[in-house]
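A.B. asks: Here it is, the structure, as C-alpha cells.
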C-alpha cells in the first residue's frame, strides 16, 4: 500500500533527523539528536557482542579503535562523521566504530566455540531481498529500487532516517540503525543503494595482528557519499574487507538510468547487470565469484527469493509499466511463509536467531524520494519523504 507524500513526518514509522555542515558537524548534531536511541542501540549490540561473539566491553572498544584506524585510512570523511557522532552522543569512539562494525564483530570474531563467522546469515534462512528496475521499464520512466531489510525484531525501535547536507551541497537520506550512518538510501545526485548480507569461506577477522578491513556499514555510507554511480562503485571497492556484502547500486539519468549489482567478498568481487530491465538479489552469490558460498551449507529461502522476485516483476517489466505498487506487492509476497520475501518471525527459531522484515524501503532515484513501511510490510503502508523537503 502506497500513501501520499504530504511533506510531513507524521506518517513515517521512524524518526527523521536532519543535520548539515561539515562531516564532523553533521556527525555531532546527529549524535546529540539521537543520543537516547544510540544508547539503546549500543545496549542491544553490546549484549550481542558478549553473548554471540564472546567480547567484553574492553574487547569491543579495542576492536572499534582498530576499525577507526582503517576507516580513517580509506574513508576519512566517514571517519570524521563517526568521530562527531561519538562526541555528540557522549559515548566512546571505540564503541561507535564497533557498532558500525557489528557485522564483522558478530560474524567474524573467534569465540571459545570456534569462529563466529560460521554462524549463517541472519539465522539459518538468510534475510533481505532487493530489487531494481530501470526507468526504461517503469510506468513513470523513473529508476526504482527497493528492499526488505530482515533482521532481529528487537532492532525496530532503534532506527532513524538520517538526512545530511554537507558543505559540498550533497544531501544523503538513508535508513540507519541509530549510531550508524547508512543502510538503504539515496542522495541528491540520484545515486541509490540497497544491501544484502552474504557469507563465504573467507569471512572473518584477521588473527595474525594485521589491521581489520573496512566495515560493512562504512562501505554503505561511502557509496552514498559519491555523486556518480562509478564513484559509488569505487568507494565500495576501496580497501580490504572481512565480511561479504551485496550492494545494488543505481543512478538516475538518461535512457532510464543505470543499475549494477556488486557482490563483494574478502579479496574479490563479482557483479551483475540488469536483464530485461530488472536486477534482484537475495543472500547467496550469483556472479560466479570463486569462493565457497556458506549459504550452500544451510540452504533456505534465499535460493528462491531472488528468482521469485524477478518472476513476479517480469510481466510488468515486459510491458514497461512497473510501478511503486508492483514493488510494494513484491515485498509483501508470502510464498514459503514465514520464510518468504515478506519475512515473518518463525516461533520455532531460538530467540537469538529470530528474524523478520523490520522495515521495507522504496527509492525513486529520479524524483529523489524514499518510501518506508514498518515490517512485515504486508500489513503497513509506505510513507514517503522527499530529499528536497
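A.B. asks: At 7 Å along the Cα-to-beta-carbon direction for both residue 307 and residue 325, put a label point, then send me their distance in nm to one decimal.
C.D. replies: Taking the two extended label points, one gets 3.0 nm.
A.B. asks: Tally the DSSP beta bridges in the chain and give the antiparallel ones as a percent, rounded to 5. Before the final figure, lay out each step's value.
C.D. replies: Details: 62 of 71 bridges.
DSSP beta bridges in the chain are roughly 85 percent antiparallel.
A.B. asks: If you don't mind, another one. Classify the chain: rounded, prolate or oblate, from the alpha-carbon gyration tensor (a ≥ b ≥ c, eigenvalue square roots; a/c under 1.5 rounded; otherwise prolate if a/b is larger than b/c)?
C.D. replies: Here the chain falls in the rounded category.
A.B. asks: Report the extension gain between residue 65 and residue 51 in nm, rounded to one decimal, defined as 0.36 nm multiplied by the number of residues separating them, less their alpha carbon distance. Intermediate results must be reported in sequence, preceding the final value.
C.D. replies: Working: separation 14, 0.36 × 14 = 5.04 nm, distance 2.09 nm.
Going from the current span to full extension adds 3.0 nm.
A.B. asks: Can you tell me how segment 239-323 classifies by the Cα gyration tensor, rounded, prolate or oblate, using a/c under 1.5 as the rounded cut?
C.D. replies: Numbers: a/c = 3.09, a/b = 1.45, b/c = 2.14.
Note, shape of segment 239-323 comes out oblate.
A.B. asks: Testing the spin-label approximation: label points 7 Å from Cα along Cα→Cβ at residue 292 and residue 136. State their distance in nm.
C.D. replies: Inter-label distance under the simple model: 4.1 nm.
A.B. asks: For segment 180-314, just say rounded, prolate or oblate: build the C-alpha gyration tensor, square-root its eigenvalues into a ≥ b ≥ c, call rounded for a/c under 1.5, and beyond that prolate if a/b exceeds b/c, oblate if not.
C.D. replies: On the way: a/c = 2.14, a/b = 1.15, b/c = 1.86.
Because a/c hits 1.5 or more and a/b fails to exceed b/c, segment 180-314 counts as oblate.
A.B. asks: Given the DSSP H assignment, sum -39500 (n - 2.57) over each helix run of at least 4 residues in the chain and divide by its residue total; what's the result at 222 nm in deg cm²/dmol, nearest 500?
C.D. replies: -9500 deg cm²/dmol
A.B. asks: Ranked highest first by the average count of other Cβ atoms within 10 Å around their residues, in what order do 86-93, 146-153, 164-171 fall? Please report the intermediate quantities before stating the final value.
C.D. replies: On the way: 86-93: 18.8, 146-153: 25.5, 164-171: 15.9.
In descending order of packing, they fall as 146-153, 86-93, 164-171.
A.B. asks: Measure off 7 Å from each Cα along the Cα-to-Cβ vector at residue 170 and residue 268, then give the distance between these two points in nanometres to one decimal.
C.D. replies: Label-label distance for residue 170 and residue 268, simple model: 3.0 nm.
Every read-out reported here was derived from the displayed coordinates using simple, explicitly stated rules and does not represent laboratory data. Because the structure is a prediction, the values reported are computed rather than measured. Here the Cβ is made from the backbone with ideal geometry for all residues, glycine too, and neighbour counts use every protein chain on show.
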